[in-house]
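**Student:** Got a structure here, written out as structure tokens. Questions coming.
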Amino acid sequence: MKKIKILLTIAIFVVLLANDSNGVSAMEISSQCGILMEQSTGRVLYEKCPDDQMYIASITKILTTIVAIENANLDEWVEISDNVTRQVGSALYLTLGDQVKLIDLLYGLMLRSGNDAAMAIAEFVGGDEASFVKMMNDKAKEIGMTNSVFQNPSGLDETTYNLSTARDMALIMQYAMNNPIFREITRTETHKATTKNGMTYVWHNKHKLVTGYYEYAIGGKTGFTKQARRTLVTSARKDDMELVVVTLKAGDDWNDHMNLFNYGFDNYQIKTIIEPGEIQVSNQTLSDKLYVEKMVNVIVKKDGSEKVTTNLSLYKKAKDNEVGVLQVLINGEIQQEIPVYKAITPKVESQSWFDKLMNWFTGAVSF
């Protein structure tokens, strides 16, 4: 849709000027590729070859989990097939013919990285592995993972393989963490499950940062294969800021993640620049009242070295009451585009003199 750019000063912009401190360029990580992203806005605070396509191993299972959550009844029982029991690598050691609730399989998938759980989930949710993998690729495309290819639900890479990037994996983690069920699963340290045949499993989370190594960690997924080497995704929250870190082919990923998180928490802060509701525009020719539906936050450096501005672009033809987008820029680069709506004023029909007289009379005389 064509837009008309209106150079407007909206009464909410921030100008911050000060000295620059420890720059992100000075950060060194052991991982071949990595990224640090803020959860609510998606702003990237650090990157190292973020778009290089690489093997990703079991961090694939973040996508597997969210696809299952969104497409199936998690309380249903899943029967374990022969194909499931023949999966190699890390496993929950599920028993042929037994039945496990889907929600429990998701815990086993995320906490213990069970490749057998991944196949059981794929067969149940998709009908077969190929159909489920198509669902995975469709979801990846939907959320903007433009440089990823998935061929299986587990991340194994001996016969088939999954390729992605640090940026794309940050996007899927950002997306998944907005789902409360996923959020609860990934933060769990220990989960107990009982199958229909009465077998009990107790699964402990493999992610050391989540289980106490880093106090702010709230979720994530580990991965390893000979080709991918160590891969790791972590979310962490401190005060009102939540961050996502992804590293690929890492030498010392635990410390890479903690160092990146500490850099983000120490050097950045959240600022609210627009509250939900009407936005004040200084252009006198614009008669319509405009509003945004949600609070607009930005992530800026604490040292005050960044300039935040806003631009309003209006569509030539409105989509219902959506009339344009509000761009939020940091140092001239667009960070967010927020839909802007026109306030709809209820139409009041004019009354005849007789109706006005009758309304006055009925209002003045009561029984």
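The values are calculated or read from the model by the stated rules, or taken from the named source; none is laboratory data. None of the values given here were measured: they were computed from a predicted structure. Note: ideal-geometry Cβ built from the backbone for every residue, glycine included; neighbour counts use all protein chains shown.
**Student:** Taking the condition of being part of a helix (DSSP H, G or I) and surrounded by fewer than 22 Cβ atoms within 10 Å (Cβ to Cβ), how many residues in the range 186-199 meet it?
**Tutor:** 1
**Student:** How about the range 159-182: which of its residues are surrounded by fewer than 22 Cβ atoms within 10 Å (Cβ to Cβ) and touching a helix residue (DSSP H, G or I) at 6+ places or on another chain (Cβ under 8 Å)?
**Tutor:** Tyr175, Asn179, Ile181
**Student:** So, one more: Among the numbered criteria (1) surrounded by fewer than 21 Cβ atoms within 10 Å (Cβ to Cβ); (2) out of contact with any Cys (no Cβ under 9 Å at 6 or more places or on another chain), which one does Met37 miss?
**Tutor:** (1)
**Student:** Now a separate question. With the condition kept exactly as written, say whether any residue in the range 204-227 is touching a residue at least 60 places away in the same chain (Cβ under 8 Å) and within 28 Å of Lys271 (Cβ to Cβ).
**Tutor:** No, the range 204-227 has no match at all.
**Student:** Another question about this same structure. Within the range 200-239, how many residues are among the hydroxyl-bearing types (Ser, Thr, Tyr), in a helix (DSSP H, G or I) and within 21 Å of Ala170 (Cβ to Cβ)?
**Tutor:** Residues flagged as among the hydroxyl-bearing types (Ser, Thr, Tyr), in a helix (DSSP H, G or I) and within 21 Å of Ala170 (Cβ to Cβ) within the range 200-239 amount to 1.
**Student:** Can you name every residue in the range 123-153 that is more than 20 Å from the chain's Cα centre (by Cα) and touching a residue at least 60 places away in the same chain (Cβ under 8 Å)?
**Tutor:** Phe132, Asn152
**Student:** Name the one entry in Leu16, Leu45 that is modelled with pLDDT under 95, surrounded by 13 or more Cβ atoms within 10 Å (Cβ to Cβ) and in contact with a strand residue (DSSP E or B) (Cβ under 8 Å, 6 or more places away or on another chain).
**Tutor:** Sole residue among the options that is modelled with pLDDT under 95, surrounded by 13 or more Cβ atoms within 10 Å (Cβ to Cβ) and in contact with a strand residue (DSSP E or B) (Cβ under 8 Å, 6 or more places away or on another chain): Leu16.
**Student:** Something else about it: Which residues, taken from the range 104-142, are crowded, with 24+ Cβ neighbours inside 10 Å and among the β-branched types (Val, Ile, Thr)?
**Tutor:** Across the range 104-142, the qualifying residue is only Ile121.
**Student:** Considering only residues of the range 56-86 that are buried (at least 21 other Cβ atoms within 10 Å of the Cβ) and not in a helix (DSSP H, G or I), which is farthest from the chain's Cα centre (by Cα)?
**Tutor:** Of everything passing the filter in the range 56-86, Ile80 is farthest from the chain's Cα centre (by Cα).
**Student:** When you go through Val244, Val210 one by one, which is the residue that is in contact with a helix residue (DSSP H, G or I) (Cβ under 7 Å, 6 or more places away or on another chain) and either closer than 23 Å to Met136 by Cα or not assigned by TED's automatic domain parsing to the domain that holds Glu70 (or both)?
**Tutor:** Val244
**Student:** Taking the range 162-185 as the region of interest, how many residues are in contact (Cβ under 8 Å) with a residue 24 or more places away in the chain, more than 13 Å from the chain's Cα centre (by Cα) and not in a strand (DSSP E or B)?
**Tutor:** 5
**Student:** Tell me the residue from Gly108, Gly89 that is under 20 Å from Ile181 (Cα atoms), in the same structural domain as Val233 (by TED's automatic domain parsing), touching a Leu at 6+ places or on another chain (Cβ under 8 Å) and small (Gly, Ala, Ser), please. Before the answer, list the steps.
**Tutor:** Details: Gly89 fails: under 20 Å from Ile181 (Cα atoms).
One residue alone meets the criteria, Gly108.
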